[in-house]
Amino acid sequence: MNTLEQKQTGLQKVSQFFVTLLQRYLPDPFIFAIVLTFVVFLLVMPSTGQGPMQVVNAWAGGFWNLLSFSMQMAMVVVTGHAMASAPAFKRKLAMLADIAKTPGQAIILVTVISAMACWVNWGFGKGRSGQVL
């Protein structure tokens with residue numbers, strides 16, 4: 001039996017069953033967002049005494065106010081990524097990576113460097129695919 005044909009344990013079989021079940025029947029997260037938007041819309045009207053158009057206007061006004069905050073957060077992520085991708089920073093990080101000689105030292109080094117990077121800019125503390133540098 002080669003490594004690709006290893007027998008699954010009971011826990012792996014159970015977890016695989018639930019993963020397959022959820023992948024097949026769980027709706028897209030966007031559906032949840034739409035349904036919850038309508039649920040909140042219907043609950044807000046009687047609890048606040050507002051009409052449908054007043055609720056829509058309040059939601060739309062609040063949504064557009066969030067746009068400026070969203071753009072600020074996008075800029076934090078983009079500038080953090082640009083800093084982390086800059087050749088000078090990559091060279092410094094490579095020099096720092098050479099310090100660690102064991103896996104334990106690497107864990108401590110990555111934790112400390114990521115924490116310091118996040119203090120400067122939380123977007124800088126993330127790698128390209130979201131993993132911590």
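Observations on the structure shown:
- From helices alone, the chain scores -25500 deg cm²/dmol at 222 nm; the rule is -39500 (n - 2.57) for each run of n ≥ 4 DSSP H residues, then divide by the residue total.
- Calculated from backbone phi, Karplus (6.51, -1.76, 1.60) coupling profile of region 71-82 in Hz, x at Gly/Pro: 5, 4, 5, 5, 5, 4, 5, 5, 5, x, 5, 4
- Surface exposure of region 25-83, expressed per residue as accessible area with a 1.4 Å probe, stands at 80 Å².
- Cα-based shape type of region 9-65, given that a ≥ b ≥ c are square roots of the gyration tensor eigenvalues and the cut on a/c is 1.5: prolate
- Debye, to nearest 20: dipole size of the chain, +1 on Lys, Arg Cβ, -1 on Asp, Glu Cβ: 440 debye
- In order through region 39-56: 3J(HN,Hα) via Karplus (6.51 cos²θ - 1.76 cosθ + 1.60), integer Hz, x for Gly, Pro: 4, 5, 4, 6, 7, 6, 4, x, 6, 10, x, 8, x, x, 5, 5, 5, 4
- Karplus 3J(HN,Hα) series, Hz, for region 62-68 with 6.51 cos²θ - 1.76 cosθ + 1.60 (x for Gly, Pro): x, 4, 6, 5, 6, 4, 5
- Computed over the chain: relative contact order in percent, which uses C-alpha pairs under 8 Å that are six or more apart: 19 percent
- Each of Y25, V56, T79 was placed along the dipole of the chain (beta-carbon charges, centred on the mean Cα), and the one lying farthest toward the positive end is T79.
- A Förster radius of 30 Å combined with the Cβ-Cβ distance from I107 to H81 puts the calculated FRET efficiency at roughly 0.80.
- Fully extending the segment from A97 to A115 would add 5.0 nm, taking 0.36 nm per residue of separation and subtracting the current Cα-Cα distance.
- Here the gap between A58 and M71, fully extended at 0.36 nm per residue and compared with their Cα-Cα distance, gives a gain of 2.6 nm.
- Debye log10 I(q)/I(0) at q = 0.11, 0.15, 0.20 Å⁻¹ for the chain, Cα point scatterers: -0.82, -0.95, -1.06
The values are calculated or read from the model by the stated rules, or taken from the named source; none is laboratory data. Small disclaimer: the values here were computed from a predicted structure and weren't measured. With ideal geometry, Cβ positions are generated from the backbone for all residues, glycine too; neighbour counts draw on all protein chains shown. Just so you know, the surface numbers come from the protein's heavy atoms only, side chains and all, with ligands and any DNA or RNA stripped out. Shrake-Rupley method; radii C 1.70, N 1.55, O 1.52, S 1.80 Å.
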